[in-house]
Amino acid sequence: MDFKVLLEKITPALRSIAHKHLLRGFYDQEDLYQEMCLYLWQKYSDGLPIGINESYVIKGCEFHILNFLRKGRPKAFLLSLDEPMSGSDIALMDTIADNRNVSFSGSDNMMTINDIKDKDLTNRERQVLSFLIKGYTVREIAQNMVISHVMVVKYKKRIVEKAKRKGYQMW
């Protein structure tokens, strides 16, 4: 089947998917539609299997857009507390009340982490905890340790349970 014919047939479904998965503030409907078209073109130029039905192609585009949205959107917005807010000379820090009681210094935090690591943890749990402290995601840890991400979640749960038994609060 010609790419143009295929695209004309499935465009209404792709536009519907783009509308369904629209995220406010990140991508508009047209961006998502075009991303699916680009993905489809890449698959088509790589030799889309002959005889594949349209619903299978549409579902593949939907899975692609879900991964695109999961990986492509910013995880956090960074703001400086010292910068003036828009249209004024007042910084964000000046408007936020600081009601925290700081009880740990950096060395105390490391002693707590080392205490948790040294007692009652298996070698794999220590490895997972080390990666978590360094800021790795569950999937990145799984990839580095050559295990499934589900196993990493189980190790993380065990670490938290053991820490709670000792009176520490984690995550």
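The values are calculated or read from the model by the stated rules, or taken from the named source; none is laboratory data. Quick caveat, the model's predicted, so the values are computed rather than measured. Please note: Cβ atoms are built from the backbone with ideal geometry, for glycine as well, and neighbour counts cover all protein chains shown.
I need every pair where a residue in region 27-48 that is farther than 14 Å from residue 2 by Cβ has its Cβ under 7 Å from the Cβ of a residue that is aromatic (Phe, Trp, Tyr) and surrounded by 13 or more Cβ atoms within 10 Å (Cβ to Cβ), sequence separation at least 6 or different chains.
Final answer for the pair search is 35/68.
Going by the structure shown, is residue 91 in contact with a strand residue (DSSP E or B) (Cβ under 9 Å, 6 or more places away or on another chain) and either at pLDDT 80 or above or among the small types (Gly, Ala, Ser) (or both)?
Working: in contact with a strand residue (DSSP E or B) (Cβ under 9 Å, 6 or more places away or on another chain): yes; either at pLDDT 80 or above or among the small types (Gly, Ala, Ser) (or both): yes.
Taking the combined requirement at face value, the residue satisfies it.
Output the residues belonging to region 131-154 that are under 20 Å from residue 165 (Cβ atoms) and not charged (D, E, K, R). Working first, answer last.
Quick first cut of region 131-154, residues under 20 Å from residue 165 (Cβ atoms) only: 132-133, 153-154.
Correct list: 132, 133, 153.
Test residue 106 against the stated conditions and say whether it is modelled with pLDDT under 85, within 20 Å of the chain's Cα centre (by Cα) and of a type outside the set (A, V, I, L, M, F, W, C). Before you say what the answer is, go through the steps one by one.
Working: modelled with pLDDT under 85: yes; within 20 Å of the chain's Cα centre (by Cα): no; of a type outside the set (A, V, I, L, M, F, W, C): yes.
So residue 106 does not fit the description; no.
Among the residues of region 127-162, write down those that are on the phi > 0 side of the Ramachandran plot and either buried (at least 18 other Cβ atoms within 10 Å of the Cβ) or touching a residue at least 60 places away in the same chain (Cβ under 8 Å) (or both).
Of region 127-162, the ones on the phi > 0 side of the Ramachandran plot are 135, 146.
Within region 127-162, no residue meets the criteria.
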